[in-house]
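The structure under discussion appears below in the form of structure tokens.
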Amino acid sequence: MSPSTSTHPVLSKLEAGTWDIDPAHTTAQFVARHLMVSKVRGRFSGISGSIEIDPADVLASKVEAKIDVSTVDTGEPQRDAHLRSADFFDVEAYPEMRFVSTSVSEAGGDQFTLKGDLTIKGITRPVELDLEILGVMEDPSFGLRAGFSASTTVNRQDFGLTWNAALEAGGVVVADKVRLELEVEAIKHR
């Protein structure tokens, strides 16, 4: 059963129409285990996309987003160059990753499940993100703004990111499971 916008306080503030993802206030990050002993964090800065809010049913809305993978930044230039190479993202052949939603459902309170298709290196797989709607606020200069947090864990091997090296003591250099975390701010221009 879908919540009606009149009974759900956060959903009722999401006006129908197109909301543009604000790249200046949006981050896409990842976390992966390194050498089996620590976690490495990275981020992408080249994010664009939109959210189409359906006036009849907010949960029937659509999300499309693109990330410029050449903007990968882990704080270590040599590692970033390796991530851009054919061993990982192969940015010359596959300059962007893409997400297209297929459904949104309630998970309780301001929590939702966002399902969609994620494409990395030309390989598309279904993913399920835990989504939280953080709020909606009027910005006097730019229109209405909405904030969202979303996260999921994927297996990088499923997307052709297969480079690795075995460690002498056991294990591998990079874990297969990667946590994706998104903080999105969208603007509804008036």
- Looks like segment 86-190, by Cα gyration tensor root eigenvalues a ≥ b ≥ c and the a/c under 1.5 rounded cutoff (else prolate when a/b is bigger than b/c, oblate otherwise), is prolate
- Pairs of Lys in the chain closer than 14 Å at Cα, counting only those 8 or more apart or on different chains: 4
- Item | Under the Debye formula (equal points on every Cα, no solvent term), log10 I(q)/I(0) of segment 8-58 at q = 0.16, 0.26 Å⁻¹ | -0.67, -0.96
- Message: What does the C-alpha gyration tensor say about the overall shape of segment 110-151? Classify as rounded when a/c is under 1.5, otherwise prolate if a/b is larger than b/c, or oblate.
- Response: oblate
- Summing Lys, Arg as +1 and Asp, Glu as -1, what charge do residues with Cβ under 14 Å from the Cβ of G42 carry, G42 excluded? +3
- Query: What list of ³J(HN,Hα) couplings, whole Hz, do you get for segment 60-66 from phi and the Karplus terms 6.51, -1.76, 1.60, once you set θ to phi - 60° and write x for glycine and proline?
  - Reply: 9, 5, 10, 10, 9, 9, 10
- Query: More than 26 Å apart: what percent of Cα pairs in the chain qualify?
  - Reply: 36
- Query: When only C-alpha pairs under 8 Å and at least 6 residues apart count, what is the relative contact order of segment 1-153, in percent?
  - Reply: 16
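Each reported figure results from applying straightforward, stated rules to the coordinates on display, with no laboratory input. Given the structure is predicted, the values throughout are model-derived calculations rather than measurements. For neighbour counting, all protein chains shown are included, and Cβ atoms are generated from backbone atoms with ideal geometry for every residue, glycine included.
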